[in-house]
Amino acid sequence: MTAAVPLPQGPYTPRATPLDLAPTGLPPTSRTVFSAAHVVADPYADISPDDPAAVDWESTLAFRRHLWSHGLGVAEAMDTAQRGMGLDWAGAAELIRRSAAEAKAVGGRIACGVGTDQLPQTTEPTLAEVRAAYEEQLALAEENGVQPILMASRALVKAAKGPEDYLATYAHLLRQTSEPVILHWLGPMFDPALEGYWGSSDLDEATDTFLKVIAEHPDKVDGIKISLLDAAREIDVRRRLPGGVRCYTGDDFNYPELIAGDERGFSHALLGIFDPLGPLAAHAVRILDTGDVAGFRAALDPTVELSRHLFQRPTRFYKTGVVFLAWLAGHQSHFTMAGGQQSARSLPHLAKAYELADGLGLFPDPDLAAHRMRALLATNGGAA
């Protein structure tokens with residue numbers, strides 16, 4: 001038996017065996033499921049936190065192959081990939097190009113984030129500049145054959161004077177897309193700069209504007225991703241969508257109940273938590289494919305404690321826990337992040353994440369995870 005790990009909250013005896021979740025390569029049939037995937041930084045790059053991210057491309061793409069092998073789609077260049085928190089537009093563009101080519105090579109499903117982050121953060125953009133930035137990124141997505149996810153824009157928050165500017169901007173963009181897109185509403189808990197998106201800090205008013213965009217262009221909207229951590233609001237929006245427009249939950253607090261759904265519908269999934277949960281999430285949804293809702297909930301409900309822990313306030317730093325778990329699981333050789341974000345969570349927070357993830361059986365090699373956890377504790381002055 002593996003020796004106890006001396007965590008800050010007390011000794012922890014690691015799980016002896018992981019879950020047996022071999023890759024099937026088969027996507028779920030009852031739900032469309034995307035994992036928003038993280039990037040692996042190059043730990044040997046001689047750069048500062050203010051420099052453009054240096055990416056370990058092979059490890060980054062290997063992780064995407066891991067997700068595809070379990071039948072999951074990959075949501076690329078989203079906030080989980082540290083978009084706007086370490087990964088700039090040049091890095092995101094290269095990530096999209098490389099991941100799109102890899103998806104074609106292995107037959108994996110992919111969608112990618114399209115935003116306006118090439119605009120300077122220190123200036124006040126015009127609506128015309130916001131539209132042009134979106135158009136540049138849309139063109140890249142279409143050139144590489146990936147489905148665009150229209151991400152919420154910090155620049156649009158600065159440029160828009162009210163809901164009518166959001167309506168006009170999105171109408172302009174949707175009229176020129178060649179294929180239906182996914183619209184993304186990312187709440188300020190994930191990015192404080194997005195406070196007041198859709199032209200109002202009143203969520204009821206913002207919701208009405210969001211739904212008006214969709215109602216006016218239902219043929220150009222494949223679905224919506226809502227990341228507000230508010231299950232009741234997601235269900236309300238889901239029930240008000242035009243026929244054929246899907247809801248992809250981005251609620252990392254309430255995803256099992258939202259994916260399971262009710263007598264009036266359900267949510268598909270596009271989740272950052274499905275980065276560390278990939279194999280288990282795919283397994284759970286395949287149970288749901290058989291109509292076994294109880295079995296699905298039994299498999300996925302126990303993961304919520306880990307997810308809520310990783311996404312606790314300040315929520316935008318959840319990426320640190322995601323990358324930490326990828327390191328413990330052996331998907332990368334180090335715990336280094338773009339922009340030095342590995343320092344954004346405390347040692348007790350990471351120790352609790354390890355304990356919860358190990359208890360779920362998420363680590364393919366529990367001994368390796370325990371060894372790395374001990375090494376991190378020792379490096380930071382804890383008991384080895």
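The values are calculated or read from the model by the stated rules, or taken from the named source; none is laboratory data. As the structure is a computational prediction, the values presented were derived from the model and not from experiment. Virtual Cβ from ideal backbone geometry, glycine too; neighbours counted across all protein chains shown. Ligands, DNA and RNA are excluded from the accessible area calculation, which covers all protein heavy atoms including side chains. Shrake-Rupley method; radii C 1.70, N 1.55, O 1.52, S 1.80 Å.
Descriptive notes on the structure:
- Inter-residue pairs, beta-carbon under 7 Å, first under 24 Å from THR29 (Cβ atoms) and in the stretch 97-113, second hydroxyl-bearing (Ser, Thr, Tyr), 6+ apart: ILE110/SER99
- Residues (open to solvent by less than 40 Å² (accessible area, probe 1.4 Å), under 17 Å from ALA326 (Cβ atoms) and either basic (Lys, Arg) or not in a helix (DSSP H, G or I) (or both)) located in the stretch 57-76: ARG64, HIS70, LEU72, VAL74, ALA75, GLU76
- Within the stretch 267-281, being in a helix (DSSP H, G or I) and either farther than 19 Å from ALA329 by Cα or in contact with a Gly (Cβ under 9 Å, 6 or more places away or on another chain) (or both) holds for one residue alone: LEU280.
- Verdict on ALA133 being modelled with pLDDT of 95 or more, touching a Cys at 6+ places or on another chain (Cβ under 7 Å), open to solvent by less than 20 Å² (accessible area, probe 1.4 Å) and part of a helix (DSSP H, G or I): no
- Just one residue in the set PRO49, PRO23 is surrounded by fewer than 21 Cβ atoms within 10 Å (Cβ to Cβ) and either modelled with pLDDT of 90 or more or closer than 21 Å to ALA299 by Cβ (or both); that residue is PRO23.
- Filtered residues of the stretch 231-281 (kept if closer than 22 Å to VAL213 by Cβ and among the aromatic types (Phe, Trp, Tyr)): TYR248
- Of the residues making up the stretch 176-200, not one is farther than 18 Å from GLN147 by Cα, over 22 Å from the mean Cα position of the chain (by Cα) and modelled with pLDDT under 95.
- Helices (runs of 4 or more DSSP H) enclosed by the stretch 151-266 - at least 1 residues per element that are closer than 29 Å to PRO302 by Cα: 231-239, 255-260
- Filtering the stretch 1-53 to residues that are within 23 Å of the chain's Cα centre (by Cα), closer than 26 Å to ALA100 by Cβ and among the aliphatic types (A, V, I, L, M) leaves LEU26, VAL33, ALA36, ALA37, VAL39, VAL40, ALA41, ALA53.
- Scanning the stretch 118-130 for residues that are outside any helix (DSSP H, G or I) and either open to solvent by less than 40 Å² (accessible area, probe 1.4 Å) or in contact (Cβ under 8 Å) with a residue 60 or more places away in the chain (or both) returns LEU119, PRO125.
- With respect to (1) surrounded by fewer than 19 Cβ atoms within 10 Å (Cβ to Cβ); (2) in contact (Cβ under 8 Å) with a residue 60 or more places away in the chain; (3) of a type outside the set (Gly, Ala, Ser), the lone exception for VAL33 is condition (1).
- Meets criteria (modelled with pLDDT of 95 or more, in contact with a His (Cβ under 8 Å, 6 or more places away or on another chain), closer than 23 Å to PRO18 by Cβ and not basic (Lys, Arg)) for GLY278: yes
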